[in-house]
Amino acid sequence: MSKQLILEFERGSRTPHRNNLLAIQAALEAAGVVFIEENGGGAGVRLRDRAG
């Protein structure tokens, strides 16, 4: 996926397909981002604890 394509997603000028969203999520998770499911307080993200 190109940097330009990601910029277009961020600007809202293009809508990502499911495979693009999954690729972005996989890249973020590989970098230590943890996606938090809706738990009554809202969905979110945090950085993985690198100590453990």
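The values are calculated or read from the model by the stated rules, or taken from the named source; none is laboratory data. Only a predicted model underlies this, so the values are computations on that prediction, with no experimental measurement involved. Methodologically, a virtual Cβ is constructed for each residue, glycine included, from the backbone with ideal geometry; neighbour enumeration extends over all protein chains shown. Areas reflect the complete protein model, heavy atoms only, side chains present, ligands, DNA and RNA absent. Shrake-Rupley method; radii C 1.70, N 1.55, O 1.52, S 1.80 Å.
Within the range 1-10, if we keep just the residues that are under 15 Å from the mean Cα position of the chain (by Cα) and open to solvent by 60 Å² or more (accessible area, probe 1.4 Å), the residue that is modelled with the lowest pLDDT turns out to be Met1. Residues of the range 11-52 that are exposed (fewer than 10 other Cβ atoms within 10 Å of the Cβ) and either of a type in the set (S, T, N, Q) or part of a helix (DSSP H, G or I) (or both): Arg11, Ser13, Thr15, Arg18, Asn19, Ala30, Asn39.
For the range 25-47, the count of residues that are touching a Gly at 6+ places or on another chain (Cβ under 7 Å) and not β-branched (Val, Ile, Thr) is at least one.
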